[in-house]
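Below is one structure, written out as structure tokens, with a few remarks after it.
Readers should treat all values here as calculations from the given coordinates under stated rules, not as data from a laboratory. Since the model is a prediction, treat every value here as computed from it, not as a measurement. Here the Cβ positions follow ideal geometry from the backbone for every residue, glycine too, while neighbour counts run over all protein chains shown.
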Amino acid sequence: MLTKLIQEEIKNLSEETSLKLVEKIECEKITTNLISESIATTYVRQGEGGIPILLIHGFDSSLLEFRRLLPCLARQNETFALDLLGFGFTERRINLDINPVTIKTHLYYVWKTLIQKPVILVGASMGGATAIDFTLTYPQCVEKLVLIDSAGLANPPRAGKFMFPPLDYLLTEFLRNKNVRQSISKASYYDKKFANLDANICASLHLKCPNWNRGLISFTKSGGYGNFKEKLPEIEKNTLILWGKQDQILGTKDAEKFKQIIPNSKLIWIKNCGHVPHLEQPEITANQILKFTN
């Protein structure tokens, strides 16, 4: 699944965790009830024992988002990082729409193929909304839920109504722009030194996948993830909410709201940290998740 362009770009990576995670990427052809063809799905599996941990990345991202967190978790638990349908390096089929329903359906068949037992489901940012949706639909697959600076309490973005030619192409090309991505990267961190070249490469490698813009357009047209406020009280799983104290992407108000609405939940603030605790404070984040698994 890693094209020649991606393989060439990988040579510019400098951080050991990035290089090691890239080497571990596997691809599995997942059969679903969505289409007759299988979907080539990329993932990483590391570690043994314990309750399996499944990591779900954010919007327009990939499993490389967990390059620092996954090795920490894998010291004690078997840990998976997955590229969602329509994102990362997972195959984007032109005959399959990308929306919350197809994403969670594909995720279920990945779980059924690779794991087959309840997991600690960890979702970051948009991946938190995916994890909430999956937990509500397939509770038998989830042992506990972890939300990291999670989406899921905002109304759907209105950008979908503008996703027609040529505006759809222009909007995705805007997201492809290096300066735009660097700006987003800087906003994600409390300590701006983390927004370095290695981070930018990791955040943009998947843009070179076939049909990257088509997948993003399809997802945006669907309206994406909306507000789960009315559904959150139905979550019966113990839930850990981890939130960067200096989150400039989603702010901090939703952290307390999640804590108030989800019945069996606990909120822990990660200090000196922005929107991505799993990248900025991976050891602290991993320790909190591992404590929660016991």
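So here's what we get for this one:
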{"item": "Rg to Rh, two decimals, where the chain supplies the alpha carbon set and Rh follows Kirkwood", "result": "0.93"}
{"item": "5 angstrom amide H check on residue 30, placed H, neighbours 5+ away", "result": "39, 40, 41"}
{"item": "³J(HN,Hα) computed for each position of the range 234-250 - Karplus, 6.51 cos²θ - 1.76 cosθ + 1.60, integer Hz, glycine/proline x", "result": "7, 6, 9, 7, 4, 10, 9, 10, 10, 9, x, 4, 10, 5, 9, 8, 9"}
{"item": "DSSP loop GluC sites (Glu not before Pro) with at most 12 other Cβ within 10 Å excluded, longest remaining stretch of the chain", "result": "49-229"}
{"item": "Dipole magnitude of the range 4-293, debye to nearest 20 (Cβ charges: Lys/Arg +1, Asp/Glu -1, about Cα centre)", "result": "380 debye"}
{"item": "Highest-MSF residue in the chain out of 183, 204, 36 [GNM, Cα springs under 10 Å]", "result": "36"}
{"item": "From phi via Karplus (6.51, -1.76, 1.60), per-residue ³J(HN,Hα) for the range 189-198 in Hz, x at Gly/Pro", "result": "9, 6, 8, 5, 5, 5, 7, 9, 4, 4"}
{"item": "DSSP beta bridge pairing in the range 4-293, given as percent antiparallel to the nearest 5", "result": "25 percent"}
{"item": "Violating pairs (Cα-Cα greater than 29 angstrom) within the set 24/291; 24/266; 117/253; 208/271; 186/271; 144/193", "result": "24/266; 117/253; 208/271; 144/193"}
{"item": "Amide H contacts under 5 Å for residue 244, placed H, 5+ residues apart", "result": "149, 270"}
